[in-house]
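**Student:** Before we start, here is the structure in question, set down as structure tokens.
The values are calculated or read from the model by the stated rules, or taken from the named source; none is laboratory data. Just so we're clear, the structure is a prediction, and the values are computed from it rather than from any experiment. Methodologically, a virtual Cβ is constructed for each residue, glycine included, from the backbone with ideal geometry; neighbour enumeration extends over all protein chains shown.
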Amino acid sequence: MHHRSTPSSLDGIDVWDGHEPLGARRLAWAPSGTDASPDAVVSDLQPVPPSPRYEGLSVIPGLIDTHVHLIGNAGGAASGFLTWPLVTPPTEQVLHGLAHASRALLGGVTTLRDLSADEVQFSLARAVEAGLVEAPRLFAHGMVSMTGGHGDMFVPPGVDPRLRKPTADGVDACRALVRAHARAGATGIKIATSGGLLSDGDKPSWRNHTVAEIDAIVDESHALGLLVAAHAHTTEGIRIALRAGVDSLEHATQLGAGLAVDVIAAGVPVAPTLLINDAIADGTVPVTPDQQAAARELVATRDAGFAAAAAAGVDFVLGTDANGFHVRFGEQMDELRRMGEVFGWSPERVLEAGTSRAAAAIGRAAPSAGGAGSGGAVLGRIAVGAAADFVVMHGRPWRDAGVLDTANIVAVVARGRVVAGTLPV
Ligand SMILES: [Zn+2]
């Protein structure tokens, strides 16, 4: 089965294009007709009189979540966050990942970036790209962690070493692991420049990798055309990541006005992962007392610092850290509304964070040659030639961010195909 899009249109509907409202437009989409990108793209966007048929409705670009973890138990059964991946065969894990991806589509999310991918996510991305299954476009970053680093501590000590993810210690090993991920199909690399919260036994304050190792990872990644996303909670971790020239900051929990200047100068987007850290700090998800205490300490000063950083102009983008356990797939609109509250943003800035700015953060503000799961067209925009990924909603979320709620979704179109709801006719 290979889906082929048929030309379709919404004639006279209100469009917000990723940057600004365009008024009523004839939004039409059709197969791009190029081998490089078989998916549908927007083919017409001319101004037309508003149609009474679309009264009260509007269209925004499909959302892009720049930070997720698809692999985890999607079945709802009680299971340990750390143990489920160890007792579930990879063949079964991929189906759970697909279930999570489907839920993201229902929540208006048409592109996902998985930030600790291995063969499971690479396989899923290729199946999505081949049109075998309906899911958001999938970008997948392979993790390069030191032994005892953030990425290594999700597997408890004592577990059969064959079940551990690969780690890299020393400059040569770091380069080799980047190359192995590239060979396997990664579209980027993830590093940690501080410890984490959910990884068991490490602390946010732990240094992860030496400067020489991080420089080698970034150099090797960029040489292979891979973006580097850096997990960093602490000010020290943020400084280390910026100095190394990474392409995005993940969490950046202790980012305040002081560091904002450096983040802006570096032109680096930041995924603030608000809901998950709130949930861990509040204990509304299953966490250990240690994890909750560490999160409380980090979150205590976070919002004031983030608000100052946002006012200074830091490029915050949608990145939830959704893993189906602490934050569910489909909660992306909730994260966006929370970002608006914490950052004191206009509704339009909230929307940009989940669309055009998120696309730029993953390197897709311009067309690309493609890559697993991604197609080639511009994402996060509604423009002629851009991907036909969008959400038809009740209301106008660029005027009222409160409208940004899955209850207001009328239909979701991904790659030109209706994947949720039905188009109004
Ligand atoms: Zn994460």
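**Student:** Every residue in segment 179-197 that is hydrophobic (A, V, I, L, M, F, W, C) and surrounded by 24 or more Cβ atoms within 10 Å (Cβ to Cβ), please.
**Tutor:** Going through segment 179-197, the residues hydrophobic (A, V, I, L, M, F, W, C) turn out to be 180, 182, 184, 186, 189, 191-192, 197.
Answer for segment 179-197, where residues must be hydrophobic (A, V, I, L, M, F, W, C) and surrounded by 24 or more Cβ atoms within 10 Å (Cβ to Cβ): Ala186, Ile189, Ile191, Ala192, Leu197.
**Student:** Same structure again: So in segment 351-370, with the set limited to residues that are more than 14 Å from Val270 (Cα to Cα) and among the aliphatic types (A, V, I, L, M), which one is surrounded by the most Cβ atoms within 10 Å (Cβ to Cβ)?
**Tutor:** Ranking the candidates gives Leu351 first.
**Student:** Condition test on Ala294, is it touching a residue at least 12 places away in the same chain (Cβ under 8 Å), away from the ligand (no atom under 13 Å from the Cβ), buried (at least 22 other Cβ atoms within 10 Å of the Cβ) and not in a strand (DSSP E or B)? If you could, list the steps in order and put the result at the bottom.
**Tutor:** Working: touching a residue at least 12 places away in the same chain (Cβ under 8 Å): yes; away from the ligand (no atom under 13 Å from the Cβ): yes; buried (at least 22 other Cβ atoms within 10 Å of the Cβ): yes; not in a strand (DSSP E or B): yes.
The answer is yes for Ala294.
**Student:** One residue is enough: does segment 346-367 have a residue meeting the conditions within 19 Å of the chain's Cα centre (by Cα) and closer than 23 Å to Thr235 by Cβ?
**Tutor:** Looking through segment 346-367, at least one residue is within 19 Å of the chain's Cα centre (by Cα) and closer than 23 Å to Thr235 by Cβ.
**Student:** Also: If you check Thr66, Thr88, Thr83, which single one turns out to be of a type in the set (Ser, Thr, Tyr) and under 22 Å from the mean Cα position of the chain (by Cα)?
**Tutor:** Values: Thr88 fails: under 22 Å from the mean Cα position of the chain (by Cα); Thr83 fails: under 22 Å from the mean Cα position of the chain (by Cα).
Matching residue, one of Thr66, Thr88, Thr83: Thr66.
**Student:** So, one more: Condition (residue is farther than 29 Å from Ser205 by Cα, modelled with pLDDT of 95 or more, touching a strand residue (DSSP E or B) at 6+ places or on another chain (Cβ under 8 Å) and within 16 Å of the ligand (Cβ to nearest atom)) applied to segment 142-152: is it met by at least one residue?
**Tutor:** Our first condition is that a residue be farther than 29 Å from Ser205 by Cα; within segment 142-152, this holds for none.
Within segment 142-152, not a single residue is farther than 29 Å from Ser205 by Cα, modelled with pLDDT of 95 or more, touching a strand residue (DSSP E or B) at 6+ places or on another chain (Cβ under 8 Å) and within 16 Å of the ligand (Cβ to nearest atom).
**Student:** Test each condition in (1) of a type outside the set (Asp, Glu); (2) over 17 Å from Gly72 (Cα atoms); (3) touching a Phe, Trp or Tyr at 6+ places or on another chain (Cβ under 9 Å); (4) at pLDDT below 90 for Ala130 and report the one that comes out false.
**Tutor:** Only one criterion in (1) of a type outside the set (Asp, Glu); (2) over 17 Å from Gly72 (Cα atoms); (3) touching a Phe, Trp or Tyr at 6+ places or on another chain (Cβ under 9 Å); (4) at pLDDT below 90 is unmet by Ala130, namely (3).
**Student:** Continuing with this model, one more query. Closer than 30 Å to Asp405 by Cα and not acidic (Asp, Glu): which single residue out of Val128, Val144, Val178 fits that description? It would help to see each step written out before you state the result.
**Tutor:** Numbers: Val144 fails: closer than 30 Å to Asp405 by Cα; Val178 fails: closer than 30 Å to Asp405 by Cα.
Testing whether each residue is closer than 30 Å to Asp405 by Cα and not acidic (Asp, Glu) leaves just Val128.
**Student:** Just checking, does segment 85-103 include any residue being modelled with pLDDT under 90 and under 29 Å from Ala358 (Cα atoms)?
**Tutor:** yes
**Student:** Still on this structure, please answer the following. Please determine whether any residue of segment 314-326 is of a type in the set (D, E, K, R), under 14 Å from Leu115 (Cβ atoms) and buried (at least 19 other Cβ atoms within 10 Å of the Cβ). Outline the logic, then answer.
**Tutor:** Of segment 314-326, the ones of a type in the set (D, E, K, R) are 315, 321.
Okay, now just the ones that are also under 14 Å from Leu115 (Cβ atoms), so 321.
Next cut, buried (at least 19 other Cβ atoms within 10 Å of the Cβ) only: 321.
Yes: one or more hits.
**Student:** Of all the strands (runs of 3 or more DSSP E) wholly in segment 50-129, which have at least 1 residues that are surrounded by 20 or more Cβ atoms within 10 Å (Cβ to Cβ) and within 16 Å of the ligand (Cβ to nearest atom)? Show your work before the answer.
**Tutor:** Values: elements: 57-61, 63-68, 109-117.
Where strands (runs of 3 or more DSSP E) fall fully within segment 50-129 and carry at least 1 residues being surrounded by 20 or more Cβ atoms within 10 Å (Cβ to Cβ) and within 16 Å of the ligand (Cβ to nearest atom), they are 63-68, 109-117.
**Student:** Does segment 351-364 contain at least one residue that is within 16 Å of the ligand (Cβ to nearest atom) and at pLDDT below 95?
**Tutor:** no
**Student:** Now for a different question. Among the residues of segment 252-267, is there at least one that is in contact with a Pro (Cβ under 9 Å, 6 or more places away or on another chain), of a type in the set (S, T, N, Q), touching a residue at least 40 places away in the same chain (Cβ under 8 Å) and surrounded by 15 or more Cβ atoms within 10 Å (Cβ to Cβ)?
**Tutor:** Looking for residues that are in contact with a Pro (Cβ under 9 Å, 6 or more places away or on another chain), of a type in the set (S, T, N, Q), touching a residue at least 40 places away in the same chain (Cβ under 8 Å) and surrounded by 15 or more Cβ atoms within 10 Å (Cβ to Cβ), one finds at least one in segment 252-267, hence yes.
**Student:** Being out of contact with any Gly (no Cβ under 8 Å at 6 or more places or on another chain), more than 16 Å from the ligand (Cβ to nearest atom) and over 22 Å from Thr288 (Cβ atoms) narrows it down to one of Ala241, Ala176, Ala252, Ala260, so name that one.
**Tutor:** Result of the check over Ala241, Ala176, Ala252, Ala260: Ala176.
**Student:** A follow-up question, please. If you go through segment 137-146 one residue at a time, do you hit one that is part of a helix (DSSP H, G or I) and over 29 Å from Val41 (Cα atoms)? Reasoning before the result, please.
**Tutor:** Residues of segment 137-146 that are part of a helix (DSSP H, G or I), as a first pass: none.
No, because not a single residue in segment 137-146 is part of a helix (DSSP H, G or I) and over 29 Å from Val41 (Cα atoms).
**Student:** A further question on this structure: Collect the residues in segment 1-21 that are under 26 Å from the mean Cα position of the chain (by Cα) and modelled with pLDDT of 95 or more, keeping them in residue-number order.
**Tutor:** Of everything in segment 1-21, those that are under 26 Å from the mean Cα position of the chain (by Cα) and modelled with pLDDT of 95 or more turn out to be Val15, Trp16, Asp17, Gly18, His19, Glu20, Pro21.
**Student:** When you scan segment 189-222, how many residues do you find that are at positive phi and modelled with pLDDT under 85?
**Tutor:** Going through segment 189-222 one residue at a time, the tally reaches 1.
**Student:** Within segment 263-289, track down each residue that is more than 16 Å from the ligand (Cβ to nearest atom), outside any helix (DSSP H, G or I) and under 22 Å from the mean Cα position of the chain (by Cα).
**Tutor:** Result: Gly267, Val268.
**Student:** Right, next: Working carefully through the options Gly80, Gly72, Gly158, find the one that is small (Gly, Ala, Ser) and touching a residue at least 40 places away in the same chain (Cβ under 8 Å).
**Tutor:** Residue meeting the stated conditions: Gly72.
**Student:** Can you tell me how many residues in segment 325-344 are of a type outside the set (Val, Ile, Thr) and within 12 Å of the ligand (Cβ to nearest atom)? Walk me through how you get there before you give the answer.
**Tutor:** Within segment 325-344, the first condition is being of a type outside the set (Val, Ile, Thr), and the residues that meet it are 325-326, 328-341, 343-344.
Checking which are within 12 Å of the ligand (Cβ to nearest atom) leaves us with 325-326.
Total satisfying the criteria: 2.
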